[in-house]
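Novice: Right, I'll just put the structure down here and ask away after.
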2 protein chains.
Amino acid sequence: MTDTFVSNPSFFKLDATLKRIRNYWQKTFDAHKKDITVDQWLLIENLYKHKKITHNELARVTSKDITTVSRIIELLVKKELVVREGSPQDRRKVFLQLTAKGSEKYKDVRPLVLEMRKTGWAGLTENDYADLTRILDVIYNNIP
Amino acid sequence: MTDTFVSNPSFFKLDATLKRIRNYWQKTFDAHKKDITVDQWLLIENLYKHKKITHNELARVTSKDITTVSRIIELLVKKELVVREGSPQDRRKVFLQLTAKGSEKYKDVRPLVLEMRKTGWAGLTENDYADLTRILDVIYNNIP
DNA sequence: TACTATTAGTTGCTAAAGCAACTATTGCTA
DNA sequence: TAGCAATAGTTGCTTTAGCAACTAATAGTA
């Protein structure tokens, strides 16, 4: 652990922790040749969960900018993991769905993710989880 | 608060919270015409603290990639907030220092940052801070 | 001393974040 | 119904993240 890590305020600590997690996830994906990034995984996970959803909705549930979602989806479409399908009711809307290949990818990567979550959470309790959740929620909601 | 925020695991929650903080900081900087990004601020803060430091060291204390530091410093040099100064002892090394303008920028922005930290932490206790610190440290160190 | 390994830093690349400006469509209202 | 506002999505731009490959310099070793 770096010296700064123990002596600095929460923004920095959050940032450092998140980067470390993200890095670990990415390296694990790469080591298992999953051919996917961490954020691509997050979108796949949500597409699996929500089945059929627009860019806008997907951006909302992932806390991502719609432009970011639009471009990540572009990559997933190129990889044939996602299909776009225009809505006949509202021609502005585009529904997103996992392809069969996309669902397979989800099921293939999912165990790795569960394993990594367990690793990160080792030595912590249910209470810690509740505390972390509560504290982050308060901070989140404190921000105007 | 979005519905996902309350029901999802820690990685997502950390990411969402951090993005929200970062966004708030950036908007505040912009609103006060500080002409600076959040990460540029983090480097300035550390340059102010460490006085004279190499790219490598700065990367270490900020948990940033050295390439990222190199490029952010590039921008700060262009803005005349930082100077690079080659080491005569080891000609591979380059020392970084705030200029007078850089120190002024630090003192100018600092109060805003303190204010924002207070805002984010509202309604939480010293104990919460200790818990957050402890939990994030454990997660950080759990990661191989 | 010559050769090799290590270290400091930069550059090129791809991905993600977020703002602004844009197109296309739909909804609202005078 | 015509005109304007709002909504969905894309594209352009700048910034940050991090890997790989590179140059230059120093350190270590046969």
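Novice: Filtering segment A:21-36 down to residues that are near DNA strand D (Cβ under 10 Å from one of its atoms) and not hydrophobic (A, V, I, L, M, F, W, C), which residue is farthest from the other protein chains (Cβ to nearest Cβ)? Before you say what the answer is, go through the steps one by one.
Specialist: Of all residues in segment A:21-36, those near DNA strand D (Cβ under 10 Å from one of its atoms) come to A:21-24, A:26-27, A:30.
Then keep just the ones that are not hydrophobic (A, V, I, L, M, F, W, C); that gives A:22-24, A:26-27, A:30.
Details: A:22: 8, A:23: 8, A:24: 5, A:26: 12, A:27: 9, A:30: 14 Å.
Once the filter is applied, the top-ranked residue is A:30.
Novice: Has segment B:107-127 got any residue that is modelled with pLDDT of 95 or more and small (Gly, Ala, Ser)?
Specialist: no
Novice: Now for a separate question. Given the residues A:65, A:90, which is the only one that is among the charged types (D, E, K, R) and within 17 Å of residue B:17 (Cβ to Cβ)?
Specialist: On the way: A:90 fails: within 17 Å of residue B:17 (Cβ to Cβ).
Checking each option against the conditions leaves just A:65.
Novice: Right, another one. Could you list, in sequence order, the residues of segment B:111-126 that are under 27 Å from residue B:78 (Cβ atoms) and touching a residue at least 40 places away in the same chain (Cβ under 8 Å)?
Specialist: B:112, B:113, B:116
Novice: Restricting attention to segment B:56-70, and to residues there that are open to solvent by 70 Å² or more (accessible area, probe 1.4 Å) and not in a loop (DSSP other than H, G, I, E, B), which single residue is farthest from DNA strand D (Cβ to nearest atom)? Walk me through it before giving the result.
Specialist: Going through segment B:56-70, the residues open to solvent by 70 Å² or more (accessible area, probe 1.4 Å) turn out to be B:56-57, B:60, B:65-66.
If we keep only those that are not in a loop (DSSP other than H, G, I, E, B) as well, we get B:56-57, B:60, B:66.
Working: B:56: 12, B:57: 15, B:60: 12, B:66: 8 Å.
Going through the qualifying residues, I end up with B:57.
Novice: Could you grab the pairs with beta carbons closer than 7 Å, sequence gap of 6+ or different chains, first residue in segment B:45-64 and on the phi < 0 side of the Ramachandran plot, second one acidic (Asp, Glu)?
Specialist: Matching pairs, first to second residue: B:59/B:65.
Novice: When you check residue B:79 against the structure, is it away from DNA strand D (no atom under 14 Å from the Cβ), open to solvent by 10 Å² or more (accessible area, probe 1.4 Å) and free of Cβ contacts under 8 Å to residues at least 60 places away in the same chain, yes or no?
Specialist: Working: away from DNA strand D (no atom under 14 Å from the Cβ): no; open to solvent by 10 Å² or more (accessible area, probe 1.4 Å): yes; free of Cβ contacts under 8 Å to residues at least 60 places away in the same chain: yes.
Considered against the rule, which asks whether it is away from DNA strand D (no atom under 14 Å from the Cβ), open to solvent by 10 Å² or more (accessible area, probe 1.4 Å) and free of Cβ contacts under 8 Å to residues at least 60 places away in the same chain, residue B:79 comes out as no.
Novice: Here are B:44, B:36, B:73: which of them is in a loop (DSSP other than H, G, I, E, B) and β-branched (Val, Ile, Thr)?
Specialist: Working: B:44 fails: in a loop (DSSP other than H, G, I, E, B); B:73 fails: in a loop (DSSP other than H, G, I, E, B).
The match here is B:36.
Novice: Which one of the conditions (1) within 12 Å of DNA strand D (Cβ to nearest atom); (2) touching a helix residue (DSSP H, G or I) at 6+ places or on another chain (Cβ under 8 Å); (3) basic (Lys, Arg) does residue B:84 fail to meet, given that it meets all the rest?
Specialist: Result: residue B:84 fails condition (1) only.
Novice: Of the residues that sit in segment A:85-109 and are touching a residue at least 40 places away in the same chain (Cβ under 8 Å) and part of a helix (DSSP H, G or I), which one is most open to solvent (accessible area, probe 1.4 Å)?
Specialist: So the first thing to find is which residues in segment A:85-109 are touching a residue at least 40 places away in the same chain (Cβ under 8 Å), and the list is A:94-98, A:102-103, A:105-106, A:108-109.
Those still in the list that are part of a helix (DSSP H, G or I) too: A:102-103, A:105-106, A:108-109.
Numbers: A:102: 0, A:103: 33, A:105: 41, A:106: 28, A:108: 74, A:109: 0 Å².
Here the answer is A:108.
Novice: Moving on to the next point. If residue A:13 passes every condition in (1) touching an Asp or Glu at 6+ places or on another chain (Cβ under 9 Å); (2) outside any helix (DSSP H, G or I) but one, which one does it miss?
Specialist: Here residue A:13 meets the rest and fails (2).
Novice: Going residue by residue through segment A:67-78, is there one that turns out to be near DNA strand C (Cβ under 9 Å from one of its atoms) and more than 18 Å from the chain's Cα centre (by Cα)?
Specialist: yes
Novice: Restricted to segment B:23-40, and to residues that are more than 10 Å from DNA strand C (Cβ to nearest atom) and of a type in the set (D, E, K, R), which residue is nearest to residue B:64 (Cα to Cα)?
Specialist: The extreme case among them is B:39.
The values are calculated or read from the model by the stated rules, or taken from the named source; none is laboratory data. Every value quoted in this text rests on a predicted model; they were computed, and no experiment measured them. When we count neighbours, we look across all protein chains shown, and the Cβ atoms used for this are built from the backbone with ideal geometry, even at glycine. Note: accessible area is taken over every heavy atom of the protein model, side chains too, but ligands, DNA and RNA are not part of it. Shrake-Rupley method; radii C 1.70, N 1.55, O 1.52, S 1.80 Å.
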